[in-house]
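Trainee: Input: one structure, supplied below.
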Amino acid sequence: MPVTLQFGQYGNQLAPSFLQHILQYSQAPPASDLTAYFRFQESVRKLIPRSVLIDMEPKVIEKCLVSKKLNYQHSQAIWRQSGAGNNWAHGYKNFGQSAGSDILDTIRRESEHVDRNLEYLTFSSLAGGTGSGLSSYVIQELDEQKMKITSQCILPFMQGEINVQCYNSILSFAKMLEHSSQIIPLANDDARIIYMKSNPAQSKTPNFEQMNSVIGHNLALNMFSQELDFNCNLFKIWNCRATPSVSKTESRKLFGIVNTVKQLLLTGSIVDSQMDYQISLKNTTQKYCTGQIQLFGSLIQNPKDIHGSELQKLQQELKDLKTVTVQPQLFKMQSCTIKQMKQQPLENCSSVALNGMLLKKEFETLKNDLVQKLARRQFLHFYEDRGVERDEIVDAIVVVEQMIKNYDEI
């Protein structure tokens, strides 16, 4: 049973969207057990999330507490009156020391409501101060207690949100690689692309609420009925995909979903709309350590739609992808689990979780930007003044470089 830990502005905006989608999809017949993410609070006679809300500013947490959608309780929240100034070092070194014990006490109290299989699911931004720095401190402390930790994190827009986002992102991600059991990274740019490709009639750039809905849907469809679990220290990165890529009801035949899933695997696409169908096993270069695929819906809704043997053939093609290697440098997948699920949270849909380095370009961009800034000592004093030495930053770069190398060598 995971206790969700919501860090900073991003974590306290995304986690509620994720939990609302969990509620929605779990009610699809046959209904799923909600106790993994919620518990019954006798004093208010309501279900409340198994969550802890953490921020160094009160604004976003206060919105969560007054919202009636999820019934967060004040005892689950901890905040201060000043932020971390978009500085990983401030969140990790300063707030970690001053607020760390109070945060860990709040987490411990919430964890006491879990009677089996305690683990943690964290939501944080890589670019900010509280989300990146303070979450790094807490993850490290929980890892010392030998806890299982799944860390969901958001990469900043590559065009740049703040000048020091490369520092914050690499330092934070390196801590996740060291201390988290598995990591689910997503990119702001990808969430924007998914929304716009799935809503072609809308020309305006989506706001953060709409982007969080996209991310919440993709995460919830993958996680409401299964655990993402691949225990390997070298390969911790899960990429969550869904079809449809946004939460909407539309008429889709299951065999069409199967073909879409196959193309998601071959292309590594973030969205099921406007994919490149010229890419096939003959020319794809995607590499995955493993995958978990769930198909939701009836095997055959209408005999006129497709003959059962044809659907089985398509499903077999998906299974074959995990072993096929056309040429040594081309498509690779060491293992893949494919499940036919009874639930139908949306009319014929699927979830796709891939253990692979699909955000390699983004992480290399952040890493290279940091290397260049570090060589010029640009912004370095912001971190040294808070107690983070240059060698610690170099070590973080090495950790991220090794992660990229591990996936390249699959």
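Trainee: So which helices (runs of 4 or more DSSP H) are wholly in segment 45-155 and hold at least 3 residues that are in contact (Cβ under 8 Å) with a residue 60 or more places away in the chain and among the acidic types (Asp, Glu)?
Mentor: On the way: elements: 59-66, 96-111, 135-144.
So the answer is none; nothing clears 3.
Trainee: Test SER32 against the stated conditions and say whether it is within 30 Å of SER225 (Cα to Cα), surrounded by 15 or more Cβ atoms within 10 Å (Cβ to Cβ), of a type in the set (Ser, Thr, Tyr) and modelled with pLDDT of 95 or more. Spell out the reasoning first.
Mentor: Working: within 30 Å of SER225 (Cα to Cα): yes; surrounded by 15 or more Cβ atoms within 10 Å (Cβ to Cβ): yes; of a type in the set (Ser, Thr, Tyr): yes; modelled with pLDDT of 95 or more: no.
No: the conditions fail for SER32.
Trainee: In addition: Examine segment 355-378 for a residue that is at pLDDT 90 or above and in contact with a Gly (Cβ under 7 Å, 6 or more places away or on another chain), and state whether such a residue exists.
Mentor: Step one: filter segment 355-378 for residues at pLDDT 90 or above, giving 355-378.
If we keep only those that are in contact with a Gly (Cβ under 7 Å, 6 or more places away or on another chain) as well, we get 355, 358.
Among the residues of segment 355-378, at least one is at pLDDT 90 or above and in contact with a Gly (Cβ under 7 Å, 6 or more places away or on another chain), which makes the answer yes.
Yes/no per residue for (1) more than 16 Å from the chain's Cα centre (by Cα); (2) surrounded by 24 or more Cβ atoms within 10 Å (Cβ to Cβ):
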{"position": "GLY128", "(1), (2)": "yes, yes"}
{"position": "LEU142", "(1), (2)": "yes, no"}
{"position": "GLN152", "(1), (2)": "no, yes"}
{"position": "ASN168", "(1), (2)": "yes, yes"}
{"position": "SER172", "(1), (2)": "no, yes"}
{"position": "LEU177", "(1), (2)": "no, no"}
{"position": "SER181", "(1), (2)": "no, no"}
{"position": "LEU186", "(1), (2)": "no, no"}
{"position": "ASP189", "(1), (2)": "no, no"}
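Trainee: So, one more: Please work out if SER51 is within 25 Å of GLY96 (Cβ to Cβ) and surrounded by 16 or more Cβ atoms within 10 Å (Cβ to Cβ).
Mentor: Working: within 25 Å of GLY96 (Cβ to Cβ): yes; surrounded by 16 or more Cβ atoms within 10 Å (Cβ to Cβ): yes.
Against the criterion (within 25 Å of GLY96 (Cβ to Cβ) and surrounded by 16 or more Cβ atoms within 10 Å (Cβ to Cβ)), SER51 qualifies.
Trainee: I've got another one for you. Can you confirm whether TYR72 is farther than 21 Å from LEU186 by Cα and touching a helix residue (DSSP H, G or I) at 6+ places or on another chain (Cβ under 8 Å)? Show your work before the answer.
Mentor: Values: farther than 21 Å from LEU186 by Cα: yes; touching a helix residue (DSSP H, G or I) at 6+ places or on another chain (Cβ under 8 Å): yes.
Answer is yes for this residue.
Trainee: Could you tell me which of the residues GLN182, GLN165 is touching a Phe, Trp or Tyr at 6+ places or on another chain (Cβ under 8 Å) and touching a residue at least 40 places away in the same chain (Cβ under 8 Å)? Explain how you work it out, then say what you get.
Mentor: Values: GLN165 fails: touching a Phe, Trp or Tyr at 6+ places or on another chain (Cβ under 8 Å).
Just one listed residue meets the conditions, GLN182.
Trainee: Identify, please: which residue in segment 280-293 is more than 21 Å from the chain's Cα centre (by Cα) and touching a residue at least 40 places away in the same chain (Cβ under 8 Å) and is, among those, surrounded by the fewest Cβ atoms within 10 Å (Cβ to Cβ)? Show your work before the answer.
Mentor: To start, the set of residues in segment 280-293 that are more than 21 Å from the chain's Cα centre (by Cα) comprises 280-285.
The next check asks that each one be touching a residue at least 40 places away in the same chain (Cβ under 8 Å); those that pass are 281-285.
Values: LEU281: 18, LYS282: 10, ASN283: 12, THR284: 19, THR285: 12.
If we take residues in segment 280-293 being more than 21 Å from the chain's Cα centre (by Cα) and touching a residue at least 40 places away in the same chain (Cβ under 8 Å), then LYS282 is surrounded by the fewest Cβ atoms within 10 Å (Cβ to Cβ).
Trainee: Quick one: count up the residues across segment 93-136 that are within 29 Å of LEU359 (Cβ to Cβ) and in contact with an Asp or Glu (Cβ under 7 Å, 6 or more places away or on another chain).
Mentor: 2
Trainee: I would also like to ask the following. Pull up segment 386-410, narrow it to residues that are over 26 Å from the mean Cα position of the chain (by Cα) and basic (Lys, Arg), then point me to the one that is surrounded by the most Cβ atoms within 10 Å (Cβ to Cβ).
Mentor: My answer is ARG386.
Trainee: Further question: State all residues of segment 1-36 that are in contact (Cβ under 8 Å) with a residue 40 or more places away in the chain, closer than 20 Å to GLU119 by Cβ and not in a helix (DSSP H, G or I); if no residue qualifies, say none.
Mentor: Correct list: MET1, PRO2, VAL3, THR4, LEU5, GLN6, PHE7, SER32.
Trainee: In the list THR205, THR249, which residue meets the criterion of being touching an Asp or Glu at 6+ places or on another chain (Cβ under 9 Å), surrounded by fewer than 23 Cβ atoms within 10 Å (Cβ to Cβ) and either at pLDDT below 90 or assigned to a strand (DSSP E or B) (or both)? Lay out the reasoning, then the answer.
Mentor: Numbers: THR205 fails: touching an Asp or Glu at 6+ places or on another chain (Cβ under 9 Å).
When all the criteria are applied, what remains is THR249.
Trainee: Among what's in segment 156-178 and is assigned to a loop (DSSP other than H, G, I, E, B) and aliphatic (A, V, I, L, M), pick the residue that is modelled with the lowest pLDDT. Before the answer, list the steps.
Mentor: We begin by selecting, within segment 156-178, every residue assigned to a loop (DSSP other than H, G, I, E, B); these are 156-164.
Then keep just the ones that are aliphatic (A, V, I, L, M); that gives 158, 162, 164.
On the way: MET158: 91, ILE162: 86, VAL164: 94.
Looking at residues that are assigned to a loop (DSSP other than H, G, I, E, B) and aliphatic (A, V, I, L, M), I get ILE162.
Trainee: Which condition breaks for HIS307 when tested against (1) out of contact with any helix residue (DSSP H, G or I) (no Cβ under 7 Å at 6 or more places or on another chain); (2) modelled with pLDDT of 85 or more?
Mentor: Only one criterion in (1) out of contact with any helix residue (DSSP H, G or I) (no Cβ under 7 Å at 6 or more places or on another chain); (2) modelled with pLDDT of 85 or more is unmet by HIS307, namely (2).
Trainee: Ok, one more. For segment 270-279, give me each residue that is without any contact (Cβ under 8 Å) to a residue 24 or more places away in the chain and either under 17 Å from the mean Cα position of the chain (by Cα) or closer than 14 Å to ALA242 by Cα (or both). Outline the logic, then answer.
Mentor: First pass over segment 270-279, keeping only residues without any contact (Cβ under 8 Å) to a residue 24 or more places away in the chain: 275-279.
Hit for segment 270-279 is MET275, nothing else.
The values are calculated or read from the model by the stated rules, or taken from the named source; none is laboratory data. The model shown is predicted, which means the values in this text are computed figures rather than measured ones. FYI the Cβ positions are ideal-geometry reconstructions off the backbone, even for glycines, and counts take in every protein chain you see.
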